[in-house]
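The values are calculated or read from the model by the stated rules, or taken from the named source; none is laboratory data. For clarity, every value in this text was computed on a predicted model and none was experimentally measured. Here the Cβ is made from the backbone with ideal geometry for all residues, glycine too, and neighbour counts use every protein chain on show. Accessible surface areas use protein heavy atoms only, side chains included; no ligands, DNA or RNA. Shrake-Rupley method; radii C 1.70, N 1.55, O 1.52, S 1.80 Å.
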Amino acid sequence: MSCTTILVGKNASYDGSTLIARNDDSGADGFTAKKFVVIEPHQQQRKYKTVLSNLEIDLPDNPLKYTAMPNAVKGKGIWAASGINEENIAMTATETITSNPRVLGADPLVEYDEENDIPGGIGEEDIVYIVLPYIHSAREGVERLGMLLEKYGTYEMNGIAFQDVNEIWWLETIGGHHWIAKRVPDDFYVVMPNQFGIDEFDLEDALGKQENHMCSKDLQKFIDLHHLNVSFDGGFNARDIFGSHDDSDHIYNTPRAWIIEKYLNPHTFDHHPEDDDIPWSLKPEKKITIEDVKYVLSSHFQGTDYDPYKNHGDLSKKRMYRPIGINRNDFVSVIQLRPYMPQEFQAIEWIAYASNVFNALVPFYGAINETPDYLSNTTAEVSTDNFYWSSRLIAAMADASYRHSAIHIERYQRNVMSKGHQILFEYDQLLQKEKDSSKQMTLKHEANQKIADMLKKETSKTLNLVLNELSHSMKNAFARSDA
């Protein structure tokens with residue numbers, strides 16, 4: 001899946017939270033409806049069978065409860081995508097990434113051989129489901145997934161983020177069975193746009209103390225055997241060794257990293273959209289907010305010549321690069337783990353569905369027993385009874401009437417986020433006064449429902465406004481009144 005990820009270390013965020021966020025984008029052949037659910041331990045299979053690769057995996061006993069964003073329509077697998085478990089450990093998977101022929105020839109992807117009935121490896125459809133319920137820290141997430149990759153292999157290149165209240169780790173697969181992972185520095189942020197990303201990497205640490213780096217146990221031997229390091233001086237740049245530098249990267253991937261880092265480091269960032277050496281991580285010029293994360297993950301290159309909605313001046317570069325906020329965003333999840341709150345209500349998951357340019361991001365408490373119906377009742381059929389299809393309708397109509405609808409979208413996004421913050425603050429105060437855990441759970445569900453009700457009201461209002469703007473621009477309009 002084509003996606004965009006941003007990770008924010010705790011000292012780089014506005015309130016000391018760790019933040020992991022990812023746009024989950026469908027392929028070019030259509031949209032994938034998603035829903036926000038809780039998976040209870042009794043719903044977690046003990047023998048899991050992948051759909052795409054026909055692989056059976058025995059899963060541990062005693063899984064944790066967790067939230068997930070699976071496909072709303074059955075048939076292609078679970079695709080749990082992102083979530084938080086009951087111990088406030090979070091992950092998002094996956095960011096599809098790239099590699100090069102040397103790596104893929106040295107360690108081929110483990111693809112399903114249907115003709116000979118030989119299973120393939122694990123992939124994006126499986127990873128959250130087989131990892132998140134069994135981990136108790138971000139580091140454990142890396143260790144568990146690394147073990148699964150070495151044992152079963154994978155049929156695709158992926159990047160995965162793991163988060164707890166103190167740390168964020170980023171893991172990237174290398175060929176069929178190898179991997180590396182790096183801890184996000186606390187005062188830095190990371191941008192990942194469908195391309196192998198990690199640049200600076202301490203292999204000695206990864207094979208030794210593992211303080212900030214981890215990797216496959218045989219990675220050094222693997223590199224040496226296949227002559228993968230292309231450095232003259234013996235230096236180790238993971239992106240040069242394992243990544244790609246294709247012409248298509250300069251249209252599809254690097255411009256997305258460029259626009260985010262240009263926004264968050266406007267005075268110190270000095271790169272061009274097609275540069276291969278755009279940094280994997282940077283220290284931002286100011287602390288990063290939830291609103292900043294939503295804005296950059298909604299980017300369509302506004303303020304540049306590459307904006308597909310640009311309608312004046314030089315239009316020759318319009319649509320030149322692939323936007324971050326694209327028509328086939330299926331959802332965005334921003335997971336916030338707040339160190340200043342008790343563990344019971346530390347976790348917040350901000351969610352929006354459909355194209356990020358036109359959707360609204362809304363917060364919900366994590367570590368819950370249920371999710372609001374408005375976000376969990378997504379159906380295969382288009383319906384305004386749920387947030388997914390309402391968001392998809394708003395996006396389609398606002399895109400067609402962009403100049404007139406933009407102000408309605410701006411107000412919608414501001415109103416939903418403002419009221420979301422307001423309700424969170426209100427219930428944070430109530431939760432801190434309540435010591436009974438069952439009553440705290442009731443308050444969290446009450447808050448989430450109140451937020452969902454607000455969201456439905458604001459979404460319905462915006463749907464009406466955008467539909468009205470689009471109706472006025474219909475081709476069969478005529479100015480004369482019938483009166």
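Worth a mention:
- Which listed pairs, of 10/182; 35/76; 182/287; 182/217, have C-alpha distances above 19 Å, in listed order: 182/287
- Basic side chains Lys and Arg get +1 at the Cβ, acidic Asp and Glu get -1 at the Cβ, and with that the dipole of segment 184-235 about its Cα centre reaches some 300 debye.
- Counting only protein chain heavy atoms and rolling a 1.4 Å probe, the accessible areas of 437, 355 rank, largest first, as 437, 355.
- If both residues of a DSSP beta bridge must be in the chain, then about 95% of such bridges are antiparallel.
- For segment 176-192 and segment 132-159, distance of Cα centres in Å: 14 Å
- For Rg and Dmax of the Cα atoms in Å, calculated from these coordinates, the label among (1) 22.4, 83; (2) 26.7, 96; (3) 21.6, 68: (1)
- Ranked from largest to smallest solvent-accessible area, with a 1.4 Å probe on the protein heavy atoms, 480, 411 come out as 480, 411.
- Using the average count of surrounding beta-carbon atoms within 10 Å as a protection proxy, the listed peptides 107-117, 338-348 rank, highest first, as 338-348, 107-117.
- Debye-formula intensities of segment 197-294, expressed as log10 I(q)/I(0) at q = 0.13, 0.15, 0.22 Å⁻¹, are -0.60, -0.77, -1.14 (one equal scatterer per alpha-carbon, no solvent).
- Per-residue Karplus couplings for segment 63-79, computed as 6.51 cos²θ - 1.76 cosθ + 1.60 with θ equal to phi - 60°, are listed in order as x, 8, 6, 7, 8, 8, 10, x, 4, 7, 10, 6, x, 10, x, 7, 6 Hz, Gly and Pro entered as x.
- The calculated 222 nm mean residue ellipticity attributable to helices in the chain amounts to -9500 deg cm²/dmol, summing -39500 (n - 2.57) over DSSP H runs of n ≥ 4 and dividing by all residues.
- Each of 443, 380, 417 was scored by the projection of its Cα onto the charge dipole of segment 377-463, and the greatest displacement toward the positive side belongs to 417; charges sit on the C-beta of Lys, Arg, Asp and Glu.
- Cα Rg over Rh - segment 31-91, Kirkwood: 0.96
- Residue-by-residue Karplus 3J(HN,Hα) for segment 446-452, coefficients 6.51, -1.76, 1.60, Hz, glycine and proline x: 4, 4, 4, 5, 4, 5, 5
- Rounded to the nearest 20, the Cβ-based charge dipole of segment 326-483 about its Cα centre (Lys and Arg +1, Asp and Glu -1) stands at 460 debye.
- Given charges at beta-carbon only (K, R positive; D, E negative), |dipole| of the chain in Debye: 1940 debye
- For segment 329-358 and segment 71-126, distance of Cα centres in Å: 23 Å
- Taking amide H as placed 1.01 Å from N in the peptide plane, residue 288 has its amide H under 5 Å from the amide H of 13, 14, each at least 5 places away in sequence or on another chain.
- Ordering 292, 275, 385 by accessible surface, largest first, gives 385, 275, 292; the 1.4 Å probe counts only protein heavy atoms, with every chain in place.
- Shown in residue order for segment 433-441 are the 3J(HN,Hα) couplings computed by the Karplus curve 6.51 cos²θ - 1.76 cosθ + 1.60 at θ = phi - 60°: 7, 8, 9, 7, 5, 5, 6, 5, 4 Hz (x for Gly and Pro).
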